[in-house]
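First up is the structure itself, then whatever we jot down about it.
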Amino acid sequence: MRFHVGSDHGGVELRKVLVAALAEWEIPVLAEYGPAAPGEKADYPNVARELAQAVLRDRGQGGGEDVFGLLVCGTGQGVAMTANKVPGVRAGVVSDVFSAKMIRAHNDAQVLCLGERVLGTELAKQLLRAFIDAPFEGGRHARRVGLMEPAGEER
């Protein structure tokens with residue numbers, strides 16, 4: 001598994017904590033998007049769109065099914081809404097371990113979205129770990145994921 005990681009200014013501190021956790025878990029970070037410090041303003045739609053497009057690009061380049069995204073903003077909601085506007089991306093904002101597992105296992109999400117202002121760092125690490133450890137189950141879930149695609153573009 002490999003990650004693109006991004007945040008706006010409201011998620012910089014949690015983004016850095018999670019990048020360190022990925023390094024500790026020996027999970028490569030392909031690129032970081034967004035400001036270097038909380039004082040540097042960044043518009044979350046721009047960061048989320050750029051990351052979502054990078055995830056799709058890398059997944060489309062043969063053997064890229066192990067490429068995922070992690071987005072952080074104040075609540076996680078804005079980056080999730082924006083990432084989901086990129087055709088082919090499935091992003092979800094979570095605040096509990098069960099949901100972090102299920103967006104991978106049942107919804108085949110490629111992008112995890114978290115909120116720095118609503119989560120503690122230890123819970124955020126648990127959510128990221130649950131997302132990483134949960135494989136997509138396929139089967140009946142694959143059909144349902146296909147139904148999420150625009151008409152005529154089923155997987």
| message | Restricting to segment 88-102, give me the number of residues that are modelled with pLDDT of 95 or more and either surrounded by 22 or more Cβ atoms within 10 Å (Cβ to Cβ) or closer than 17 Å to G60 by Cα (or both). | response | 4
| note | Residue set G69, G60; condition within 20 Å of M1 (Cα to Cα) and touching a residue at least 40 places away in the same chain (Cβ under 8 Å); output residue G69
| Quick one: would you say G92 is part of a strand (DSSP E or B) and closer than 16 Å to G115 by Cβ? | yes
| Out of L71, L123, sole residue that is surrounded by 24 or more Cβ atoms within 10 Å (Cβ to Cβ) and closer than 24 Å to A37 by Cα | L71
| query | With R59, R129, R117, R49 as the choices, which residue is of a type in the set (D, E, K, R) and modelled with pLDDT under 90? | reply | R59
| Every pair of residues 6+ apart whose Cβ atoms lie under 7 Å, when the first sits in segment 1-19 and is closer than 16 Å to G78 by Cβ while the second is hydroxyl-bearing (S, T, Y) | G6/Y33; D8/Y44; L14/T121; R15/S7
| field | Inter-residue pairs, beta-carbon under 9 Å, first closer than 16 Å to S7 by Cβ and in segment 77-97, second surrounded by fewer than 18 Cβ atoms within 10 Å (Cβ to Cβ) and aliphatic (A, V, I, L, M), 6+ apart | value | A91/M81; V93/M81
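The values are calculated or read from the model by the stated rules, or taken from the named source; none is laboratory data. All of these numbers come straight from a predicted model, not from anything done at the bench. Here Cβ is always computed from backbone atoms with ideal geometry, including for glycine, and neighbour counts include all displayed protein chains.
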